[in-house]
Structure formats: structure tokens, C-alpha cells
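One structure is given below, encoded as C-alpha cells.
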Amino acid sequence: MTRPPTVAQRRVIDAADPVTGRLRGTESQLAALVKRGLAFRHPRPPHDHFLTPEGHRVRQGITQVPETAGSAQAPASTGVFAARAGGEEATLEAGPARRREVHSAWQGLLELRRMTNPGGDVDRPCGWERTHLVRAAALALEAAGHAPAGQEGGGYRVRETPQPEAVAVHEPDGEALRACAATLEGAGWQVSEHREPRTGRRYLLASPRRA
């Protein structure tokens, strides 16, 4: 289920800095936007709030607002943007409109990196990505043009792992798997290739690079 933002929340979103996404509002308004995944609180003083990639998209009028922060595998039918982690149940649209949405979300993520990483470094993941590992890795892959898996067949699948800062990337095609590794490395992730003990299938472990 989706619902529009309140009038006060919409004013806060619309008044965000058009370049940095920095927000101004009451503590309750900012906290509500954080809860819905549309803003995040910078970990360093003065602890300003900024739009997330989803928040930037809402400000641009590209998508509706989620009741709560969406999961990495939210179906397209909800109207909520989510990077495709692979294996989604819904039939997924993959035309020009989707490509524009993904491009906008990726540009928003690069802006988050510029504003929150020391020295404005856009070549490595930011704090938001470290707390949304599956969504961040999936966005990097989809933005680079890799195809997410459907319910059957080829394509990438990004999944959580027991490791605290790592995701697994599965892709049955060996060449496509290596291409995924190159994309993630270029997006600032540390990537290593492994084999599943039981099946021998290759997969990637990817972690956000810190330096």
C-alpha cells in the first residue's frame, strides 16, 4: 500500500537543496522521512538530514511514496522504486521508463556519496549503502545494464549473507558473473569469487570498500 506524503512532509521534500538534497524541518518531520526511507541522518556533526535516492526520486515526481521503507525485492506493482535484486515475483517492466528511473536513482546515490564521504569521494560506497547492502549492490548492477533474474532462468540475484557487510551475487552464466564483478569493483566494492560447497556453482561475495 502507498500513500502520499503529508502536506508538511511534501514541503520539506520540495524545499530540499536541489544539488545536495539537504533537508530542513522539524525533528518529527525529518524522523518520519527517515522511517519511510526517504531521508537519512548524517552520522557526523551537525547531523544534518539528506534525501536518499528514493527521496530524490519522490522530489522529482518520479515515484510514489512507500508507507515504510521498501525491501530490495519490492514488486514493481506497488509503485515504489526498488533496485531489482533478482527473482522478483511480479512481471517486471524493463523499457525506457525503467531505465530512466534507475539512472535517476544512481545519480542520487552518487550525490549521497559526494555529500557524505570524506573529501566528497564518489568512488566508494557511503554510509547509506552500508546499511542497505542488497539494495545498493543491486542498484549498481541494474544501473550498469545487467539483467536481473526472473523467477526462472538467467540473470543476477543479490542476496544477504551471514557476514555483516557482504552480499552474495549469483549468476549462472560465468561470463556474466565476471561482468557483475567488474561492475561492482568499479562502483567501489571489494569482490571475491567462490564456489558453493554442495553444487560447485560460482558466486561473488561483495563488500563496500572503505578506503
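Structure summary
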| read-out | value |
| --- | --- |
| Cα-only Debye scattering, the chain: base-10 log of I(q)/I(0) at q = 0.09, 0.12 Å⁻¹ | -0.35, -0.61 |
| Accessible area in square angstrom per residue, the chain, 1.4 angstrom probe | 51 Å² |
| Average Cα contact separation per residue, the chain, under 8 Å, 6 or more apart, as relative contact order % | 15 percent |
| Amide H contacts of ARG24 (H built 1.01 Å from N, under 5 Å, at least 5 apart or other chain) | none |
| In order through the range 192-205: 3J(HN,Hα) via Karplus (6.51 cos²θ - 1.76 cosθ + 1.60), integer Hz, x for Gly, Pro | 9, 9, 9, 10, 5, x, 7, 9, x, 6, 7, 8, 10, 10 |
| Estimated 222 nm signal from helices in the chain, with DSSP H stretches of n ≥ 4 weighted -39500 (n - 2.57), rounded to 500 | -10500 deg cm²/dmol |
| Reference-scaled alpha-carbon Rg (2.2 N^0.38 Å with N residues) for the range 96-211 | 1.05 |
| SER192 - accessible surface, heavy atoms, 1.4 Å probe, Å² rounded to 10 | 50 Å² |
| Degrees, to the nearest 10: 174-186 long Cα axis against longest axis of the chain | 40 degrees |
| Degrees between helix 133-143 axis and first principal axis of the chain (Cα, 0 to 90, nearest 10) | 80 degrees |
| Trypsin sites (Lys or Arg not before Pro) within the range 123-211, DSSP loop, no more than 11 other Cβ atoms inside 10 Å | ARG198, ARG210 |
| Gaussian network model of the chain, Cα within-10 Å springs - most flexible of GLY37, GLY200, GLY155 | GLY200 |
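The values are calculated or read from the model by the stated rules, or taken from the named source; none is laboratory data. Small disclaimer: the values here were computed from a predicted structure and weren't measured. Note that each Cβ is placed from the backbone with ideal geometry, even for glycine, and that neighbours are counted across all protein chains shown. Keep in mind that these areas ignore ligands, DNA and RNA; they rest on the heavy atoms of the full protein, side chains included. Shrake-Rupley method; radii C 1.70, N 1.55, O 1.52, S 1.80 Å.
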